[in-house]
C-alpha cells in the first residue's frame, strides 16, 4: 500500500514526536492508547488521519532496550489489533 502525502507527513510528525517525548506522544494524537495484549508486551497506537479511510500507526515499546519499533502504518480496517 502506498500512503498519500498527508498521511506520510502525519507519520513523520508522529515519529519526530516519539523521538523527542518517548513512547507516549501526547493528547493531540487522535485515539492514542495502549493496546491490550500479552502482559509483558507494550503495544500502542494512534490515528494519523481521520476520515474515510482512517490511517493508524502501531508501535511496540521495548523499555529495557529504550527502543520504539513501528510495526504497522495503514488503514484502520487492516490494523493488527
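Bear in mind these aren't lab numbers, they're just calculated from the coordinates by the rules spelled out. What you are looking at is a predicted structure, and each value in this text was computed from that prediction instead of being measured. Here the Cβ positions follow ideal geometry from the backbone for every residue, glycine too, while neighbour counts run over all protein chains shown.
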Review point. Of all residues in the stretch 14-32, which are out of contact with any helix residue (DSSP H, G or I) (no Cβ under 8 Å at 6 or more places or on another chain), within 18 Å of residue 67 (Cα to Cα) and surrounded by 11 or more Cβ atoms within 10 Å (Cβ to Cβ)?
Key: 14, 15, 16, 17, 18, 22, 23, 24
Exercise for review: Can you tell me which residue within the stretch 52-77, out of those that are under 21 Å from residue 2 (Cβ atoms) and surrounded by fewer than 12 Cβ atoms within 10 Å (Cβ to Cβ), is farthest from the chain's Cα centre (by Cα)?
Suggested key: 52
Revision key, fill the gap. Residue 6 fails exactly one of (1) surrounded by 12 or more Cβ atoms within 10 Å (Cβ to Cβ); (2) touching a residue at least 12 places away in the same chain (Cβ under 8 Å); (3) under 16 Å from residue 72 (Cβ atoms), namely (3)
Revision key, fill the gap. Residues of the stretch 1-51 being part of a loop (DSSP other than H, G, I, E, B), over 11 Å from the mean Cα position of the chain (by Cα) and more than 24 Å from residue 63 (Cβ to Cβ), in sequence order, are 1, 2, 3, 4, 50, 51
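Within the stretch 52-81, can you find the residues that are in a loop (DSSP other than H, G, I, E, B) and without any contact (Cβ under 8 Å) to a residue 24 or more places away in the chain?
Within the stretch 52-81, the first condition is being in a loop (DSSP other than H, G, I, E, B), and the residues that meet it are 52-54, 63-66, 79-81.
Listed by number, the residues that qualify are 52, 54, 63, 64, 65, 66, 80.
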